[in-house]
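In what follows, a structure is listed as structure tokens, so that the remarks can point back to it.
The values are calculated or read from the model by the stated rules, or taken from the named source; none is laboratory data. Note that the coordinates shown come from a computational prediction; the quantities given were computed from them, not determined experimentally. Reconstructed Cβ throughout: ideal geometry from the backbone, glycine too, with neighbour counts over all protein chains shown.
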Protein chains: 2
Amino acid sequence: MTLSEEDYIKAIYHLGKGENTTVSTNAVAEQMETKPSSVTDMVKKLSEKGVANYKPYKGVSLTEYGQKIALSLVRKHRLWEVFLVEKLDFSWDEVHEVAEQLEHIKSEKLVDQLDKHLGFPQVDPHGDPIPSKKGEFKKAIKKLLNEIPIGKSGICVGVKDSSPPFLKFLDKNKIALGDTILVLDKEEFDGSIDIQIKERTIHISSQIATNLYLKITE
Amino acid sequence: MTLSEEDYIKAIYHLGKGENTTVSTNAVAEQMETKPSSVTDMVKKLSEKGVANYKPYKGVSLTEYGQKIALSLVRKHRLWEVFLVEKLDFSWDEVHEVAEQLEHIKSEKLVDQLDKHLGFPQVDPHGDPIPSKKGEFKKAIKKLLNEIPIGKSGICVGVKDSSPPFLKFLDKNKIALGDTILVLDKEEFDGSIDIQIKERTIHISSQIATNLYLKITE
DNA sequence: ATTAAAATTTAGACAAAGCTAAATATTTGT
DNA sequence: ACAAATATTTAGCTTTGTCTAAATTTTAAT
């Protein structure tokens with residue numbers, strides 16, 4: 001696969017949200033920041049190569065083979081993201097562009113050894129799961145902190161309320177996007193919860209818990 | 001610079017042995033496994049871009065700017081080689097192909113952090129020096145072990161005598177290509193020497209020392 | 001100093017991947 | 001159900017990097 005083909009495969013995969021969904025030419029064009037006519041050309045080629053199913057005017061989906069390629073790309077992308085954050089001190093929001101390049105490196109041994117070097121991580125710095133070598137992986141879902149059951153952990157990925165006071169609170173309590181949070185206990189009465197974050201244990205009110213999004217795997 | 005342009009720059013650089021030498025179109029073609037006519041086209045383009053000096057029928061050399069690019073590529077290539085060997089357990093002879101891909105990744109931060117992560121290595125697994133960020137580096141030369149002064153270390157890169165008995169000797173003494181050897185002491189009388197290799201200290205006869213090539217930096 | 005051989009360049013073609021503009025399908029609003 | 005709006009494809013052109021074959025320049029041998 002060429003670099004360009006791989007990018008299209010990934011785009012089709014992501015637009016289909018990982019399900020094997022048919023996506024429109026226009027949607028792919030928008031995602032790839034290219035023109036619909038270019039997409040038509042490429043999906044024809046991918047179709048001939050056995051990577052995609054394409055019916056004119058009806059959209060495009062990935063074949064089994066195409067999905068395998070997509071998953072391998074996602075696996076590589078996310079492993080490199082972990083590497084960049086854990087080993088090279090990149091912050092969680094700086095990694096995407098570089099991982100986008102690294103995911104195209106072709107070497108099975110490289111990926112396997114990288115995986116091992118990183119301790120076989122299950123999720124990337126954004127809380128998204130890393131497919132196994134065989135392509136298996138759990139889905140990730142975004143939930144509010146208050147909806148997460150006791151004993152489960154997730155990665156902080158966003159806020160519902162983005163008002164300055166709330167952001168200031170997070171800052172003061174050293175809760176940042178990308179942090180892993182484990183739910184230790186929940187108080188039925190007022191909805192407050194105990195969480196563990198970076199070795200610290202803190203108690204958090206319901207108002208806070210209902211405004212913080214975490215990504216968890218099912 | 002495109003991938004292809006970078007490959008040509010590296011080829012010109014390596015053929016010129018790092019000196020700013022003029023190299024022939026044919027030489028570049030052979031190195032790149034391409035046709036001389038393709039080289040002509042490309043060096044014209046590189047010339048227009050201010051990367052190379054090209055006179056028809058007279059060969060091509062790199063400009064200052066071109067040399068900077070070449071050194072940056074060499075730096076990246078060798079840092080990745082160190083990474084692959086030290087962190088991902090690649091052997092010294094498996095790294096080239098993968099490093100060839102990795103060297104094209106564009107991210108200054110990535111290179112700087114990688115350098116730091118590896119502890120600012122001075123040489124790659126083949127004993128070749130790694131240019132600094134600014135492009136400075138020492139030359140490496142290949143010498144027989146017996147020619148190396150006391151206190152200096154080098155990396156084992158080849159044998160002069162490749163007869164089975166000699167290779168068997170190396171194997172038995174666990175001396176392999178890629179190993180770092182430090183010269184501890186030399187015996188004037190019989191030319192035998194003491195070396196340190198992988199924490200072990202061993203005594204080696206003149207016959208051995210005159211048949212083992214090391215790469216050292218001046 | 002010529003001429004044959006070798007090296008290099010030029011000209012013209014091709015594949016990949018993209019674009020624009022025009023043509024054609026599909027969808028939607030009434 | 002039909003016309004208008006939207007989505008998609010086709011046709012033809014562009015750029016990048018490559019190739020082959022022919023032309024030209026340089027080098028080497030007598």
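Cβ separations smaller than 8 Å between residues 6+ apart or across chains give the following pairs from the stretch A:150-172 residues that are without any contact (Cβ under 8 Å) to a residue 40 or more places away in the chain to residues that are of a type in the set (Asp, Glu): A:ILE150/A:ASP185.
In summary, B:LEU144 fulfils each of the numbered conditions (1) surrounded by fewer than 21 Cβ atoms within 10 Å (Cβ to Cβ); (2) modelled with pLDDT under 95; (3) closer than 30 Å to B:SER206 by Cβ with the single exception of condition (2).
Within the stretch B:137-186, being farther than 25 Å from B:VAL74 by Cα, touching a Leu at 6+ places or on another chain (Cβ under 9 Å) and assigned to a strand (DSSP E or B) holds for B:LEU144, B:VAL159, B:VAL183. Scanning the stretch B:137-162 for residues that are closer than 26 Å to B:GLU19 by Cα, small (Gly, Ala, Ser) and out of contact with any Asp or Glu (no Cβ under 8 Å at 6 or more places or on another chain) yields a total of 3.
Residue-by-condition table, conditions (1) touching an Asp or Glu at 6+ places or on another chain (Cβ under 7 Å); (2) of a type in the set (A, V, I, L, M, F, W, C); (3) not assigned by TED's automatic domain parsing to the domain that holds B:VAL85:
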| site | (1), (2), (3) |
| --- | --- |
| B:PRO164 | no, no, yes |
| B:VAL183 | no, yes, yes |
| B:LYS186 | no, no, yes |
| B:ASP190 | no, no, yes |
| B:THR201 | yes, no, yes |
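For the residues B:ILE195, B:ILE208, B:ILE150, B:ILE175, the requirement of being surrounded by fewer than 13 Cβ atoms within 10 Å (Cβ to Cβ) and either basic (Lys, Arg) or out of contact with any Pro (no Cβ under 9 Å at 6 or more places or on another chain) (or both) singles out B:ILE150.
Going through (1) within 14 Å of chain A (Cβ to nearest Cβ); (2) within 11 Å of DNA strand D (Cβ to nearest atom) one by one, B:LEU88 falls short only on (2).
The set of residues from the stretch B:113-136 being of a type outside the set (S, T, N, Q), closer than 27 Å to B:GLY16 by Cα and free of Cβ contacts under 8 Å to residues at least 60 places away in the same chain comprises B:ASP115, B:PHE120, B:PRO121, B:ASP124, B:PRO125, B:ILE130, B:LYS133, B:LYS134, B:GLU136. Could you list, in sequence order, the residues of the stretch A:165-205 that are of a type in the set (Ser, Thr, Tyr) and under 19 Å from A:GLY151 (Cβ atoms)? Those that are of a type in the set (Ser, Thr, Tyr) and under 19 Å from A:GLY151 (Cβ atoms): A:THR180, A:SER192, A:THR201.
Output the qualifying pairs, or none if there are none: Cβ atoms under 8 angstrom, residues six or more apart or on different chains, first residue in the stretch A:52-63 and more than 12 Å from A:VAL39 (Cα to Cα), second residue of a type in the set (Phe, Trp, Tyr). Close Cβ pairs satisfying both conditions: A:LEU62/A:TYR13. Every condition in (1) more than 20 Å from A:VAL111 (Cα to Cα); (2) within 14 Å of chain A (Cβ to nearest Cβ) is met by B:LEU118 except one, and the failing one is (1).
Selection of helices (runs of 4 or more DSSP H) fully inside the stretch A:1-66 by the criterion of at least 3 residues being exposed (fewer than 13 other Cβ atoms within 10 Å of the Cβ) returns A:36-48.
Of the residues B:LYS49, B:LYS35, B:LYS55, which is near DNA strand D (Cβ under 7 Å from one of its atoms) and either assigned by TED's automatic domain parsing to the domain that holds B:TYR8 or more than 25 Å from the chain's Cα centre (by Cα) (or both)? Show your work before the answer.
Numbers: B:LYS49 fails: near DNA strand D (Cβ under 7 Å from one of its atoms); B:LYS55 fails: near DNA strand D (Cβ under 7 Å from one of its atoms).
B:LYS35 is the lone residue from the list that is near DNA strand D (Cβ under 7 Å from one of its atoms) and either assigned by TED's automatic domain parsing to the domain that holds B:TYR8 or more than 25 Å from the chain's Cα centre (by Cα) (or both).
Scanning for something within 15 Å of DNA strand C (Cβ to nearest atom), under 14 Å from A:SER4 (Cβ atoms), of a type in the set (Gly, Ala, Ser) and away from every other protein chain (no Cβ under 14 Å), does the stretch A:58-76 turn up at least one residue? No.
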